[in-house]
Amino acid sequence: MKKTVSLLLALIMLLSLGAVSFAEKKDADTEEKDALVVDTCILKEADDAMINNYTLLAVNPDAPFVDADGNPVKDVEINTVGAAALIHWLLSEEGESLAADYGFAEYGEYLFYLKEDRPVSEAEIPEATKETKLIRLSTTTSVNDSGLLGYLLPIFEEKYGYEVEVFSAGTGKAIANAKMGNADLILVHAKKQEEAFVEEGFAYTLDGMDSERMTYMYNFFVLCGPSADPAGVKDAENVKAAFKAIADGKYTFISRGDGSGTHTKELSLWPEELGITAEPESFKDYTDWYISANTGMGACLVMAEEMGAYILTDKATFLTFVANDGVMA
């Protein structure tokens, strides 16, 4: 009898341990599932066609400034001293090192990389005065949404006494803002638009620099989409083949549609026979799958997540998006 009772007790203990083990595993699986807040993921990256260069340009105080309608704008005041101070600091050993290290501690990988042939400044940076204190920076949402400026600018401001006012939009709008005389410098990422800005007389070469365009860092565009990847983007030979697969299958794609550097890059990746350009008429037959959002990178990522869509974005903003559990300010 005692032996039977002992066996029963042992059996009950084993069953209890099994139940606990099963419960722990179930809890762990649930926690893992709950942790996957964002389903959108990187499906194609590190393609040579996806390099994303960032360039600084100082606004020429004698530029032919125009308003939104193309009419000349007079009495524009450009803070050349403040703009030069910020540019020289960003291109200094301190500024470049901070940019290069940004994000690694939090994400386990670098968000921006320094170009080997980048300009480096050793210029002395003056402290702000009452007249030069406010600096107006016009930039792309891809830089701003990544959190890079929120990290760098307070360090610069505290050290030299300046106050940087940031206007953030797609590269096209950021450049247009400067053409209206509303910026002292720009930080953008669309080579052709930058070159046009220079050719039209809106930029000038800073002392100690070799040209108006100061391209000093880069990261990569990444093609993202739902983890199920119905278009088979992940297995495509390259990014252009991936874009063709999306178009062939008419899978939902979110385009910035705002003339930004990201939008410009996206347009270059579609098959030529589709004829997709920045003009709405060019994709009127594709509106069942091609969505032109005309908004910033963060907002577009939120749309892609909600719709299970594909999207081209810069990697820095995407990693920030994931770290924020799909919430962008």
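Quick one: work out Rg over Rh on the C-alpha atoms of the chain, Rh as Kirkwood radius. Mind dumping the intermediate values first?
Values: Rg = 25.3 Å, Rh = 22.1 Å.
Answer for the chain: 1.15.
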Work from the charge dipole of the stretch 134-212 (Cβ charges, +1 for Lys and Arg, -1 for Asp and Glu, about the Cα centre) and give the residue of S142, M180, A196 farthest towards its positive end.
-> S142
For the stretch 55-111, what does the alpha-carbon gyration tensor say about shape, rounded, prolate or oblate, given a ≥ b ≥ c as the root eigenvalues, a/c under 1.5 as rounded, and a/b over b/c as prolate?
-> prolate
What's the center-to-center distance, using Cα atoms, between the stretch 276-329 and the stretch 170-228 in Å?
-> 21
Have a look at A316, A278, A105 and tell me which one the Gaussian network model of the chain (Cα, springs below 10 Å) gives the largest fluctuation.
-> A105
Helix 2-35 versus the longest principal axis of the chain: what is the Cα-based angle in degrees, 0 to 90, to the nearest 10?
-> 20
Tell me, what ³J(HN,Hα) does each residue in the stretch 273-284 have, in order and in whole Hz, if you take phi through Karplus 6.51 cos²θ - 1.76 cosθ + 1.60 with θ = phi - 60° and put x for Gly and Pro?
-> 5, 6, x, 6, 10, 6, 7, x, 4, 6, 10, 4
In order through the stretch 194-204: 3J(HN,Hα) via Karplus (6.51 cos²θ - 1.76 cosθ + 1.60), integer Hz, x for Gly, Pro = 5, 5, 5, 4, 5, 4, 7, x, 8, 10, 9
Computed [θ] at 222 nm, deg cm²/dmol, the chain (DSSP H ≥ 4; -39,500 (n - 2.57); rounded to nearest 500) = -12000 deg cm²/dmol
Which cross-chain or sequence-distant (5 or more) residues have an amide H under 5 Å from the amide H of V59, H modelled 1.01 Å from N in plane?
-> L185, I186
For M180, the residues 5 or more places away or on another chain with a placed amide H closer than 5 Å to its own amide H are V66
Y151/E279 FRET efficiency (R0 35 Å; Cβ-Cβ; nearest 0.05) = 0.40
Most positive-pole-ward Cα, F321, M217, P154, against dipole of the chain from beta carbon charges = F321
For S92, which sequence-distant residues (separation of 5 or more, or a different chain) have an amide H within less than 5 Å of its own amide H, given hydrogens modelled in the peptide plane?
-> S121
Going residue by residue through the stretch 209-215, the Karplus relation 6.51 cos²θ - 1.76 cosθ + 1.60 with θ = phi - 60° gives ³J(HN,Hα) values, rounded to whole Hz and with x marking Gly or Pro, of 9, 8, 7, 5, 7, 10, 8
Would you list the P(r) distribution for the stretch 69-145, with all Cα-Cα distances sorted into 5 Å bins from 0 and each bin expressed as a whole %?
-> 3, 12, 16, 19, 19, 14, 8, 6, 2, 1
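Every number in this text was worked out from the coordinates using simple rules, so none of it is lab data. Please read all numbers here as calculations on a predicted model, not as lab measurements. Using ideal geometry, Cβ is built from the backbone for each residue, glycine included, and neighbour counts are taken over all protein chains shown.
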